[in-house]
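Single-structure report; data block below.
Throughout, read-outs are computed from the coordinates displayed, never taken from laboratory work. Here the structure is a predicted model, which means the values were calculated and not measured. Here Cβ is always computed from backbone atoms with ideal geometry, including for glycine, and neighbour counts include all displayed protein chains.
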Amino acid sequence: MSVTPQLPAFDALTVGDVVAEREFALTRDSLVRYAGASGDFNPIHYRDDVAASVGLPGVLAHGMLTMGFAVQPVVDWAGDPGRVTDYQVRFTRPVVVDPETGASVSVVAKVGQLDAEARVARIDLTVAFDGQTVLGKAQVRVALD
Amino acid sequence: MNPELQGRVFPPTEPYLVGREKVREFARAVFATNPINLDPEAAKAAGYDDVVAPPTFAVVVQEHSLAKLLAEPDAGIDFTRVVHGDQRFTSTRPIVAGDLLTATLTVSSVKTLGAHSMVTAESSITDAAGEHVVTAVSTLVVRGDE
């Protein structure tokens, strides 16, 4: 594949524009896959008995998994993962992943701020599960031309 | 938690060689679909030497430096009570397969809020040439007795 990605034009952006939206369907398999890929084998992310023993409502998605996929719609919009220069989140609520039905997490990415001198767009993410946001202050800085 | 941890700098981690298949495995695990993360040819066409890691991949390298902090005998951090509060990655350039990375952790702050403590750890990740690649900052909340 040698598709040259179409980069978004900085000058065409306005604060408040929705640049990407995506729904992620997590299953227990997603958690096991992330555990292996990241090396985070905390059993609260795959064992119901351990999660229950520490008072959790169920097996939780790794916060870093949620952070990891929530930025992907922005990467696809920007066309190149290397354009993300800064990314921060606050973990505010857990994502409980049901063994049978999984969990559906929605991501909406909006232009939060534009720095015309640096040609950097700050994209703010709204990441929600079960009608409530799970990340706070989720901000991605994207360097554009 | 030991307040004297603030300002402590830990020795650099063993060099971590970023493998192409590891990047692809991590990319799939975070639902990445961009060909620059997955296909070496697409990455080359975009001007990179090999596949580019997703923005949060640095956590894999950062983790080795956090392990040193959690294992510090006088830190007084009970791992079973640790909750991840915030996370940030600030990059000079993206991580690319083939990079040899080292993380050096500094405890930038230790705070106590009631029964809880908060520690902010900043891991500066550099390449084989000693150049800065990305800084990963985590705030960990250590829950006290309720």
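In the range A:1-81, what trypsin sites (Lys or Arg not before Pro) fall in a loop by DSSP, with at most 13 other Cβ atoms inside 10 Å? Those satisfying the criteria are A:Arg47. In the range A:15-143, taking the dipole from charged Cβ atoms about the Cα centre, the farthest positive-side position among A:Val15, A:Phe69, A:Leu31 is held by A:Val15. Under 5 Å between amide hydrogens, built in the peptide plane, is the criterion, and for A:Asp86 it picks out A:Arg141, B:Ser91 among residues at least 5 positions away or on other chains. Cross-link partners of A:Lys137 among lysines, defined as those whose alpha carbon lies under 16 angstrom from its own and excluding same-chain residues fewer than eight positions apart: A:Lys110. Here the 3J(HN,Hα) profile of the range A:49-62, calculated from phi with Karplus coefficients 6.51, -1.76 and 1.60 at θ = phi - 60°, is 5, 5, 4, 5, 5, 9, x, 8, x, x, 5, 9, 5, 4 Hz, Gly and Pro shown as x.
Compute a Gaussian network model of chain B, connecting alpha carbons closer than 10 Å, and tell me which residue from B:His132, B:His64, B:His116 fluctuates the most. The residue with the greatest mean-square fluctuation here is B:His116.
Entry note, chain A: the mean residue ellipticity at 222 nm calculated from DSSP H runs of n ≥ 4, each adding -39500 (n - 2.57), is -6000 deg cm²/dmol after division by the residues and rounding to the nearest 500.
Phi angles of the range B:30-38 translate, via the Karplus equation with coefficients 6.51, -1.76, 1.60 and θ = phi - 60°, into HN-Hα couplings of 9, 6, 6, 10, 5, x, 5, 7, 10 Hz per residue; Gly and Pro are given as x.
Going by alpha carbons, how many degrees (0 to 90, nearest 10) lie between the helix axis of B:58-71 and the longest principal axis of chain B? Between the helix axis and the principal axis of chain B, the angle is about 30 degrees.
Less than 22 Å apart at the alpha-carbon level, and either on another chain or at least 8 residues along: which lysines does that give for B:Lys22? Counting by Cα, and skipping residues close in sequence, B:Lys22 has these lysines nearby: B:Lys44.
Amide H contacts for B:Asp86 (H built 1.01 Å from N in the peptide plane; partners 5 or more residues away or on another chain; cut-off under 5 Å): A:Phe91, B:Thr139. Hey, in the GNM for chain B with a 10 angstrom Cα cutoff, which one of B:Ala58, B:Ala29, B:Ala103 fluctuates hardest? It is B:Ala29.
Restricting the calculation to Cα atoms, the protein assembly as shown yields a radius of gyration followed by a Dmax of 18.8, 56 Å.
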